[in-house]
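Remarks on the structure that follows.
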């Protein structure tokens, strides 16, 4: 490898690490404030909030890595411009295109490393974070999980504990429902079996229900009301935090979803995002570099940094908009994930047309 390539790689990695450190500090400070506020009513050790912040911090950094690379790409070109090294490279036959190709290669390889290793590491830590923190909330009374045996719900209401199992979980409804009601001392009250439950609201409607009481008497009703702390939106929301699951756990979860006919749209979207991650980081780095080479000679350093931050915000909302459209199935998932990248690519290509003239 040529000396200039080693130098540029070393500089880019060093700057990226410095920017990552700054974001880690900011994330740590914000996380500490949030955790201290959360645990203000609990008697916990002084180090406990710090421990939780450290568990959650890698997941936060994973989400902002694209913007870390955007700012890092800006800063390396600012350094090259300020030190006059860019002209030195040009005098030795190194073109702007070759510089950008090198930055793109580093970014892409870094993206692969982040997806294959760092993502799974951060997901494991965030899962532990959520598992610990839920013990300090009232959510333990209201639990839901999906297994190969269907959807399982623990629901406490009016001093009655309900264990609910459904074979299929579909839009606003459950199918093949089995509800066991116990009192607070876990004594059996009754068992309700229903062909279908309409669960759009907290007042469920059970259809074709069979009720077995504690005397083993059986009653059949075409339609009965059942009050729960859950509705369709609540249950769906319990499974939306996919960033706390490693890639292999996501694969297992998708199999469980399919077994109960529950939509796998969010999992498929999350997988698409993970697969697109190295390309997103690469295109963002290239876009930042082309913008710097096109406007870096005329503008002040502070202006360029502010411009980079504004660009990060714009990219975030473009991704958010298309992601929401994809999850809500307004557009295909492939389009929702790759269209923002394609837009950034087109802008980058337009910038690349001009940079060799500079």
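Bear in mind that the values in this text are calculations on the coordinates, not laboratory data. Not measured: the values here are computed from a predicted model. Methodologically, a virtual Cβ is constructed for each residue, glycine included, from the backbone with ideal geometry; neighbour enumeration extends over all protein chains shown.
How far is helix 96-113 tilted, in degrees, relative to the longest principal axis of the Cα atoms in the chain, given as a value from 0 to 90 rounded to the nearest 10?
30 degrees
Using only the alpha-carbon atoms, what does the range 219-275 span along each of its principal axes? Please give whole angstrom values in decreasing order.
51, 21, 15
Estimate the FRET efficiency between residue 158 and residue 43 by the formula 1/(1 + (r/R0)^6), using the beta-carbon distance for r and 25 Å for R0, to the nearest 0.05. List each step's numbers first, then the result.
On the way: r = 30 Å, r/R0 = 1.20.
The pair residue 158/residue 43 has a calculated efficiency of 0.25.
Using packing as a proxy for protection, rank 269-280, 226-237 so that the peptide with the highest average count of other Cβ atoms within 10 Å comes first.
269-280, 226-237
Could you state the number of Å between the C-alpha centres of the range 98-159 and the range 218-279?
Here the answer is 14 Å between Cα centres.
Which three semi-axes in whole Å describe the equivalent ellipsoid of the range 80-237, each the square root of 5 times a Cα gyration tensor eigenvalue, listed largest first? Display every interim value, and only then the final one.
Details: eigenvalues 689, 61, 31 Å².
Calculated on Cα positions only, the semi-axes equal 59, 17, 12 Å.
What percent do you get for the relative contact order of the range 141-237 when only Cα pairs under 8 Å and 6+ apart count? Provide the component values of the computation, followed by the final result.
Values: 238 pairs, mean separation 19.1, N = 97.
Contact order relative to length: 20 percent.
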